Amino acid sequence: MKGAQAKGVQYIYPIFGLDVRVRNKALYFPYINLPDNDWLYLMLLYWDQLSSIVPSEYICNPEELSPHMSTLMREGLVNPVLPQEVLRDLPDFGEPFLGFIRRKIRRPQLKNVVLGQRIPIHIEKLGKVADELVDMRLATTAGYPWFEMDQWVANAFMSYLASLVGSLPEIASVPITNDARCFHLLAGYQGRAFPERMRQRQLILGKIFPFPKADLSLNTIIKFKEKYGNELARFRNKIEGLCIDLSNTPQRDREEQIQIKTRELKDEIDIIANHMHETWHHITFLDILPVLSATGSVIAGSHGNQTLAAGTGLLSLSTAIYRYIERKQEMRFLLKEPLAYGALLNREWQRLR
């Protein structure tokens, strides 16, 4: 692999997702605009920050973006990564990818390559790679600043680019996609743990959160993550650790293990949610108990109704305070559970139904 000086440090280009370290942010690919569907809302809820590789002209002309993408960027839910800025210190960033292409298609066969479905890619993402692919007859110009290339080449390049950009220290994001074709070519390479982990993550999250995520508004998502950021970090570490373990499970046992682990996660989330419900109920009751006790005393003093006073003042104020502190402590312990975020999210969706 080829090295380059990036912002004063020695940087080694990753090949197709070899950098599989756990991150708290994610970089979407292969397109500029993120999809408007449940997958996106689940990703927004799972990662601290989402990014997308956005050419500079879209920053200057945001009307060229989809309305949904414009909203995501304006609300700070998606961070635009400008390829010109992050790649300018990596002048030969495309060489490992071109080496892969040359190995994939033997030179004597290049002249016989026929383009299939063509996918447009912006020149700012390609750099010098564009001219090389044109020479190989794997890409054609499509009117500046666009190039079109065979779908498998485009998917492979965007997988490589997302892996490279995501591994830069200033980005530090896990590449994610809802298009499984983008990782199809990677299955036979050393980086196979990367797409496999992504597949397991999406399967697990989809099963433990079966409700329509789009029912949660963007504003609700923002407030929810601001309130439960600590719980999200613990939850994500739990899921990522599980995905790593599953990646090391023999292939013949992996699907069964995913089903077993998913059921265990759902059961644990339900148990935590039930305990939270009981604790919140007691906290709410204890919040108003001193008021009820005081009201009962006033009524008793006015009407001489000792029964009413006894009924509303079953617990003394000091006892109520003790119980209140005790329940608050229980809630703090529950919120430290790794799967507490899952229980909170299910509760939020139930509240909005």
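The values are calculated or read from the model by the stated rules, or taken from the named source; none is laboratory data. In this text, all values refer to a predicted model and were calculated from it rather than measured experimentally. Backbone-built Cβ (ideal geometry, glycine too); neighbour counts: all protein chains shown.
Taking region 17-88 as the region of interest, the strands (runs of 3 or more DSSP E) fully inside it that hold 2 or more residues being touching a residue at least 60 places away in the same chain (Cβ under 8 Å) and not small (Gly, Ala, Ser) are 25-28, 49-53. Restricted to helices (runs of 4 or more DSSP H) entirely inside region 247-353, those with at least 1 residues that are modelled with pLDDT of 70 or more and aromatic (Phe, Trp, Tyr) are 317-335, 340-352.
Within region 88-95, is even one residue among the small types (Gly, Ala, Ser), under 30 Å from Arg234 (Cβ atoms) and at pLDDT below 95? Show your work before the answer.
Here is the first cut: in region 88-95, the residues among the small types (Gly, Ala, Ser) are 94.
Cutting the leftovers down to under 30 Å from Arg234 (Cβ atoms) gives us none.
No, region 88-95 has no match at all.
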